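**Q** Take a look at this one; I'll ask things after.
The values are calculated or read from the model by the stated rules, or taken from the named source; none is laboratory data. A quick note: this is a predicted structure, and the numbers were derived from the prediction, not measured. Here the Cβ positions follow ideal geometry from the backbone for every residue, glycine too, while neighbour counts run over all protein chains shown. The accessibility values were calculated without ligands, DNA or RNA, using every heavy atom of the protein model including side chains. Shrake-Rupley method; radii C 1.70, N 1.55, O 1.52, S 1.80 Å.
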Amino acid sequence: MEQVTAVRTTPRAVSAAWFIGIGLVIYALLLAGSEWLVYRNGRMNPVYKADVAAGDFDWVILGASHAMPLDFGNFNKEMQRRTGKKILNLAGSGTGPLYARFAFEHFLTRHRTRNLLYVADGFAFRAPVWNEGRFTDADLMARTPFHVSLAGLLVRYVVMGGVDPRALADYVAGFSKLNNRGRFQLDVWEGEASFDRAFKLSPSAERKRVEYLYPPVADERAGSERYFDVLADLIGIAERNDVTVTIVKMPLPPRFKSLLPGEATFDAALVSLAGRQGVSLIDWSDAMPDPGFYADTDHLNRKGVMEFFGKRLQPILSGTPLPTPF
Amino acid sequence: MLFTSLSFFLFLAATLIVFAWLPRRARWFWLLLASLAFYASFGLSNIVFLFAVTFVAWAAGRLVACERPAIRKPALIAGLVLILGTLFVLKFYDFVAAEIEPLLGSVNALPRLGITAPVGFSFYAFMAGAYLIDVYRGTCAAEHDAGRLALYVSWFPKILAGPIERAGPFLQQVPTRLRLDPVLAAAGLQLVLWGLFKKVVIADNLAPVVDGAFRIAAYASPMELLIAVYFFAFQIYCDFSGYSDIAVGLSLLFGIRLMENFRRPYLALTTAEFWSSRWHISLGHWFRDYLYVPLGGSRTGTLRRYANVMAVFIVSGLWHAGLGYGVGWTFLIWGALNGFYQWTGLATRGAWRWLGERLPRLAASAWLRVLRILVTFHLILVSWVFFRADTVTQASTVIRRIGSALPGLPALAPRYPFTVDHAAGAALIALLLTVEILDERRPMRERLAAAPVALRWSAWYAAIFGLLLFGRWRSDAFIYMQF
C-alpha cells in the first residue's frame, strides 16, 4: 500500500516542482523586464536619481514636493549653470524626514556631497502617512530600483524605524513593479504639468489641500517629536560625512500659509532643533506673497522658481555667506 | 482582511498548516477559531452580532426540534423575528425614519440608531434563518453543539458574501470530512485562482470606468454612460462570482464542499432561468424555499401566483439594499422590475410553447438561442442601472440620456475617443465570455484536465501572471459583502 502511494505521489511532487520552477523562471524574467522599465522610464524617484547620477556633489536637496519645482523643466541644470555647483535634487512628493533620511543614506553609499539643503514642511513632521506610509506607497516603490544594499537598509528601517514589513516584502519581491499600471509611462509628478501655469486663487482648493496634507493623527505631539528626532538623526549622519546642513522653509502664498494648523509651533520646534544641532535655518515662507508665483495652492511655478532662485537661493548655493538665521 | 490582501494569504497559510497538523477531531474547532479571527479583523464589535445570531439560532433550534407543538412554532417565530428582524431594523430603520420624518413635521423628530448591519450580516442572518426553518421542517437535525453551529454560521470563506449554504449539507461534513485532500485542494486552488482573476483583473479594472461615468451621470456623454452600464454588468458579475469562486475554492482546501452560486448567468435564455438557476443561486433557492413556497408558490391561482412572484422580487430588492450603493428606493424598483420581467415571462410562456410546437426548427435554431440570450442580457442590463445608481433620479437620468441618444450612437461610436481602459475592459469581457461559452459546452476543468500539459500549464501561468501584472489589488471591498 505504501509503495502504491509512493508511486502515485512522486510524479505529482516532481510535476509540482517543475510547475513551480518554471513559474519562478517566468517571474524572474518578468521582474528583470520590470526593473529595466524602472530605469528606462525613471526620472523623479529619489533612489533612481541617486543611482543614475555620476560623481560627487556640492549640494543635495531633500524634502517634500515643495522642493520638487527646483528640478522641474530642467531647472536643476539652470541652477548648476548659474552657481557653478553640482546639485542633485532628491526631494519626493509627500516625503517626510524618515523617507528623506532613507534616500540620503542610500545616496551616501554611492556619492559624496559637501552640503545638504533640507526643505522643511510642517505637514511632513506630523503624520505617519508622510513618513512610514511612504514606504508602502506602491507608486513610489514601483519606481524604486532594486539593490541588495537598499533592501538591507530597508530591513533596518523595518526593524528600527517602524516601517511596515510589507514594504520590505514588496520591495524584495518586486510586486509593485510587476503590478505597476504606469510601467510604460515616464515617472513624472503630476505637479510638473502645471509648472508654467499661474494658479487662480481658490479657497475651497486651498482648504482641501490643507485637509489632505494634515490628516487626523492619533497623537500629533508624539509624531512631531519622533520626526524631529529623525531629522536630528539625518543631520547627525550628514555631520559624520562632513556635510554641511542648511534647513529652509519654502515660500508659500499668505492665505494658504494662514490655513496651516500648528505652523507657529512647528516653526518654534524647528528653530530649537536648528539651534541644538548648530545648523542654519532660513524661513522664506513669507518671502513671495504674490499668487502669480504659484502653479497651484502651494507650489512655485516657473516664474516663482526663477524669482526664488535668483533672489534667495542662488547666494546660498553659490556659497555666499548666509543671512542671519531667524 | 479581504481575500485579496497579503494578510489574508498569510492567515490562510497559517490556518492550513495548523489544520493539517491537528488531529481530525480537533480540526473543526481550529476552523471555528480561525473564522472568528477572520471576522474580527473587520471590527471586534462584529463578533457580538455573530455570537448573538449563533446563540439565537442554536437555542431556538433546540426548542424547535422538541416534540411539543406548543413550543416548536413559537420558538421558530421568535428565532426568525429576532434574527431577520434585527437585519431589517439595522438595514432600514434609519432610512425609513428619515423618509417618514418630514411627514410628521419638525417637532416629531424620530430617534436614529446610527448603526448599520455589520459586514456580511445579511448573509449569515439568512443562513441562520434557513437553519431554523429546516429544523422545523425536519429536513435538518438540530445541532446540539453550539460550536459546530457557530462554525456553520461563521465559516470564514463564506461569511462575508455567501454562498448562503444550507446547514444540513454543511454540518454533515464537519466532523468527518475535514481533511487536506490533494485532489480537492487542486480543484480548490484552481477555483481560487479563477475567482481572484475575475475580481482583481476583470471587475476591478472595469470599476474605474463605471464609477467615473456614474459619478457625473448628468454630464457624462451617452456613449460613456452606455459603456459604463455594459461594464457594470460584468463588474458586478465578476466581483460577486469571483468572491463565490474563492469561497468555494477555499472551502475545498479544507475538504468542505459548498454549493455552486453562479452558473454562467449571462448565457441564460430567459430572466426566469437567470434568477432561478444561474445568478446567486443560493439566494434564489433561499427565496424559493423560504418565501415563495410558503406563500403558495405555483400551486395557487394565477393572480396569487403573480403576487407571490412579485413579493419575492421586491423582498429580494430590499435584501440587496445596503451599504454598497446606499439604502434607497432604487433597490425596490430593481426588484419590482425583475418581478415584472417574470410576470411577462409567465404571461407569454404559453404563446412561446405554442410557437415552439408549430415551428420546431426555428425553436431549436442556434440563432434564436443567441437572440434570446441577448434579449435576456439586455433586460437584466436595464435593471442593473437601478442597482448601481445612487438614486432613482440618477438611474432615470442614465436611462433617459442613453435612450435619447441611441438612434445616433452608431454614427457617434467611430468618433468616440475610446481609451486604453475601454479597450482593456472590452478585451477582458471578451475573454470572460469566451471562457464561459466554452465552459457551458464542456466544463473548463474537464477541458484543461484533458489538454496537453503544456497547454494546461500555460493557462494557469497566464492566470497567475495576469493577476500579478494586471490585477488591481488596492480595492477595499467586494461589492456584495456590503449588502
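**Q** Go through the residues of the stretch B:75-95 one by one and say whether even a single one is at pLDDT below 90, in a helix (DSSP H, G or I) and within 14 Å of chain A (Cβ to nearest Cβ).
**A** No, the stretch B:75-95 contains no residue that is at pLDDT below 90, in a helix (DSSP H, G or I) and within 14 Å of chain A (Cβ to nearest Cβ).
**Q** What residue, among those in the stretch B:446-471 that are within 20 Å of B:V183 (Cβ to Cβ) and open to solvent by 60 Å² or more (accessible area, probe 1.4 Å), is nearest to the other protein chains (Cβ to nearest Cβ)?
**A** So the residue we want is B:V453.
**Q** Filter the stretch B:266-291 down to residues that are open to solvent by 10 Å² or more (accessible area, probe 1.4 Å) and assigned to a loop (DSSP other than H, G, I, E, B) and give me whichever is farthest from B:A366 (Cα to Cα).
**A** Among them, the one singled out is B:R278.
**Q** Let me ask something else. Return the residues of the stretch A:91-121 that are open to solvent by less than 10 Å² (accessible area, probe 1.4 Å) and in a helix (DSSP H, G or I); say none if nothing qualifies.
**A** Those that are open to solvent by less than 10 Å² (accessible area, probe 1.4 Å) and in a helix (DSSP H, G or I): A:P97, A:L98, A:Y99, A:A100, A:F102, A:A103, A:F104, A:H106, A:F107.
**Q** Any idea which of (1) over 23 Å from B:Y292 (Cα atoms); (2) open to solvent by 50 Å² or more (accessible area, probe 1.4 Å) is the one B:V315 doesn't satisfy?
**A** (1)
**Q** Here's another thing I want to ask about it. Among the residues of the stretch A:253-272, is there at least one that is surrounded by 14 or more Cβ atoms within 10 Å (Cβ to Cβ) and within 24 Å of A:K85 (Cβ to Cβ)?
**A** no
**Q** Take the conditions modelled with pLDDT of 90 or more, open to solvent by 20 Å² or more (accessible area, probe 1.4 Å) and more than 14 Å from chain B (Cβ to nearest Cβ) and apply them to A:V52. Does it pass? Explain how you work it out, then say what you get.
**A** Values: modelled with pLDDT of 90 or more: yes; open to solvent by 20 Å² or more (accessible area, probe 1.4 Å): yes; more than 14 Å from chain B (Cβ to nearest Cβ): yes.
Here the answer is yes, as A:V52 does meet what is asked.
**Q** Taking the options B:A59, B:A52, B:A70, B:A34, name whichever one is over 30 Å from B:L468 (Cα atoms), surrounded by 15 or more Cβ atoms within 10 Å (Cβ to Cβ) and of a type outside the set (D, E, K, R).
**A** Numbers: B:A52 fails: surrounded by 15 or more Cβ atoms within 10 Å (Cβ to Cβ); B:A70 fails: surrounded by 15 or more Cβ atoms within 10 Å (Cβ to Cβ); B:A34 fails: over 30 Å from B:L468 (Cα atoms).
None of the other options fit; the residue is B:A59.
**Q** So A:T246 passes all but one of these: (1) open to solvent by less than 20 Å² (accessible area, probe 1.4 Å); (2) in contact (Cβ under 8 Å) with a residue 60 or more places away in the chain; (3) over 20 Å from the mean Cα position of the chain (by Cα). Which condition number does it fail?
**A** (3)
**Q** While we're looking at this one, here's another question. Which of the residues spanning the stretch A:163-177 are open to solvent by 30 Å² or more (accessible area, probe 1.4 Å) and either over 14 Å from A:F135 (Cβ atoms) or of a type in the set (V, I, T) (or both)?
**A** Once the filter is applied, which keeps residues that are open to solvent by 30 Å² or more (accessible area, probe 1.4 Å) and either over 14 Å from A:F135 (Cβ atoms) or of a type in the set (V, I, T) (or both), the stretch A:163-177 yields A:V172, A:A173.
**Q** Next question, about the same structure. State which residue pairs qualify: first residue within 17 Å of B:L269 (Cα to Cα) and in a helix (DSSP H, G or I) and inside the stretch B:352-366, second residue modelled with pLDDT of 85 or more and open to solvent by less than 80 Å² (accessible area, probe 1.4 Å) in any location, beta carbons under 9 Å apart, and separation of 6 or more residues or different chains.
**A** Pairs that qualify, where the first residue is within 17 Å of B:L269 (Cα to Cα) and in a helix (DSSP H, G or I) and the partner is modelled with pLDDT of 85 or more and open to solvent by less than 80 Å² (accessible area, probe 1.4 Å), are B:W352/B:G345; B:L362/B:L355; B:L362/B:G356; B:L362/B:L368; B:A363/B:L355; B:A363/B:G356.
**Q** Here is a follow-up. Quick one: how many residues across the stretch B:147-163 are modelled with pLDDT under 90 and either within 14 Å of chain A (Cβ to nearest Cβ) or more than 18 Å from the chain's Cα centre (by Cα) (or both)?
**A** 0
**Q** For A:A127, only one of the following conditions fails: (1) within 28 Å of A:I87 (Cα to Cα); (2) open to solvent by less than 30 Å² (accessible area, probe 1.4 Å). What is its number?
**A** Against the list (1) within 28 Å of A:I87 (Cα to Cα); (2) open to solvent by less than 30 Å² (accessible area, probe 1.4 Å), A:A127 comes up short only on (1).
**Q** Name the single residue that is most open to solvent (accessible area, probe 1.4 Å) among those in the stretch B:98-152 being among the charged types (D, E, K, R) and outside any loop (DSSP other than H, G, I, E, B). Let's see the steps before the verdict.
**A** Applying the first criterion (among the charged types (D, E, K, R)) to the stretch B:98-152 yields B:99, B:101, B:112, B:134, B:137, B:143, B:145, B:148.
Then drop every residue that is not outside any loop (DSSP other than H, G, I, E, B), which leaves B:99, B:101, B:134, B:137, B:148.
On the way: B:E99: 80, B:E101: 44, B:D134: 14, B:R137: 112, B:R148: 64 Å².
The residue in question is B:R137.
**Q** Taking only the stretch B:406-427 into account, find how many residues are closer than 24 Å to B:A268 by Cβ and within 14 Å of chain A (Cβ to nearest Cβ).
**A** Number satisfying all stated conditions: 1.
**Q** Here's another thing I want to ask about it. Being more than 22 Å from B:A13 (Cβ to Cβ) and touching a residue at least 40 places away in the same chain (Cβ under 8 Å) is the filter here; which residues of the stretch B:144-160 pass it? Steps first, please.
**A** Of the residues in the stretch B:144-160, the ones more than 22 Å from B:A13 (Cβ to Cβ) are B:144-150, B:152-153.
Within the stretch B:144-160, B:H144, B:A146, B:G147, B:R148, B:L149, B:A150, B:V153 meet the criteria.
**Q** Is there a residue being out of contact with any Gly (no Cβ under 8 Å at 6 or more places or on another chain) and of a type in the set (D, E, K, R) anywhere in the stretch A:55-64?
**A** First, the residues of the stretch A:55-64 that are out of contact with any Gly (no Cβ under 8 Å at 6 or more places or on another chain): A:55-63.
With the extra rule that they be of a type in the set (D, E, K, R), the set shrinks to A:56, A:58.
The answer is yes; a qualifying residue exists.
**Q** From the list A:A151, A:A167, exactly one residue is more than 14 Å from chain B (Cβ to nearest Cβ), assigned to a helix (DSSP H, G or I), under 25 Å from B:R474 (Cα atoms) and not polar (S, T, N, Q). Which is it?
**A** On the way: A:A167 fails: more than 14 Å from chain B (Cβ to nearest Cβ).
Going through A:A151, A:A167 in turn, just one is more than 14 Å from chain B (Cβ to nearest Cβ), assigned to a helix (DSSP H, G or I), under 25 Å from B:R474 (Cα atoms) and not polar (S, T, N, Q): A:A151.
**Q** Considering (1) surrounded by fewer than 24 Cβ atoms within 10 Å (Cβ to Cβ); (2) in contact (Cβ under 8 Å) with a residue 40 or more places away in the chain; (3) outside any helix (DSSP H, G or I); (4) within 14 Å of the chain's Cα centre (by Cα), say which one B:R263 fails and leave the rest.
**A** All conditions are met except number (2).
**Q** Quick check on my filter: what residues within the stretch B:6-31 are in a loop (DSSP other than H, G, I, E, B) and out of contact with any helix residue (DSSP H, G or I) (no Cβ under 9 Å at 6 or more places or on another chain)?
**A** Here is the first cut: in the stretch B:6-31, the ones in a loop (DSSP other than H, G, I, E, B) are B:22-23.
B:P23, the sole residue that qualifies.
**Q** Kindly evaluate B:G425 against the criterion of being open to solvent by less than 70 Å² (accessible area, probe 1.4 Å), in contact with a Phe, Trp or Tyr (Cβ under 6 Å, 6 or more places away or on another chain) and within 30 Å of B:L225 (Cβ to Cβ). Walk me through it before giving the result.
**A** On the way: open to solvent by less than 70 Å² (accessible area, probe 1.4 Å): yes; in contact with a Phe, Trp or Tyr (Cβ under 6 Å, 6 or more places away or on another chain): yes; within 30 Å of B:L225 (Cβ to Cβ): yes.
Judged against the criteria, B:G425 is a match.
**Q** Of all residues in the stretch A:170-204 being among the aliphatic types (A, V, I, L, M) and within 28 Å of A:H66 (Cα to Cα), which is farthest from the other protein chains (Cβ to nearest Cβ)? Steps first, answer last, please.
**A** First, the residues of the stretch A:170-204 that are among the aliphatic types (A, V, I, L, M): A:172-173, A:178, A:186, A:188, A:193, A:198, A:201.
Filter once more, so that each one left must be within 28 Å of A:H66 (Cα to Cα): A:186, A:188, A:193, A:198, A:201.
Numbers: A:L186: 16, A:V188: 18, A:A193: 18, A:A198: 27, A:L201: 25 Å.
Here the residue is A:A198.
**Q** Report yes if A:A138 is hydrophobic (A, V, I, L, M, F, W, C) and open to solvent by 30 Å² or more (accessible area, probe 1.4 Å), otherwise no. Steps first, please.
**A** Details: hydrophobic (A, V, I, L, M, F, W, C): yes; open to solvent by 30 Å² or more (accessible area, probe 1.4 Å): no.
So A:A138 does not fit the description; no.
**Q** Right, another one. Pairs needed: first member in the stretch B:45-73, within 20 Å of B:Y124 (Cα to Cα) and among the polar types (S, T, N, Q); second member anywhere, open to solvent by less than 100 Å² (accessible area, probe 1.4 Å) and assigned to a helix (DSSP H, G or I); C-beta distance under 8 Å; at least 6 residues apart or different chains.
**A** Qualifying pairs under 8 Å: B:N46/B:Y39; B:N46/B:A40; B:T54/B:A128; B:T54/B:A146; B:T54/B:L149; B:T54/B:A150; B:T54/B:V153; B:T54/B:S154.
**Q** Same structure, new question: Any idea which residue in the stretch A:178-223 is nearest to A:N45 (Cα to Cα), counting only those that are small (G, A, S) and surrounded by 14 or more Cβ atoms within 10 Å (Cβ to Cβ)?
**A** Start the filter on the stretch A:178-223 by keeping residues that are small (G, A, S), which leaves A:182, A:191, A:193-194, A:198, A:202, A:204-205, A:218, A:222-223.
Then keep just the ones that are surrounded by 14 or more Cβ atoms within 10 Å (Cβ to Cβ); that gives A:191, A:194, A:198, A:205, A:223.
Values: A:G191: 14, A:S194: 19, A:A198: 26, A:A205: 27, A:G223: 25 Å.
Ranking the qualifying residues of the stretch A:178-223, first place goes to A:G191.
**Q** I need a count of the residues in the stretch A:52-84 that are over 17 Å from A:Y118 (Cα atoms) and not aliphatic (A, V, I, L, M). Lay out the reasoning, then the answer.
**A** We begin by selecting, within the stretch A:52-84, every residue over 17 Å from A:Y118 (Cα atoms); these are A:52-56, A:72-75, A:77-78, A:80-84.
Still in the running and not aliphatic (A, V, I, L, M): A:55-56, A:72-75, A:77-78, A:80-84.
Here the count works out to 13.
**Q** Taking the criterion of being surrounded by 11 or more Cβ atoms within 10 Å (Cβ to Cβ) and outside any helix (DSSP H, G or I), would at least one residue in the stretch B:394-410 satisfy it?
**A** no
**Q** Ok, one more. Test B:A217 against the criterion of being within 19 Å of the chain's Cα centre (by Cα) and in contact (Cβ under 8 Å) with a residue 60 or more places away in the chain, and give yes or no.
**A** Working: within 19 Å of the chain's Cα centre (by Cα): no; in contact (Cβ under 8 Å) with a residue 60 or more places away in the chain: yes.
So B:A217 does not fit the description; no.
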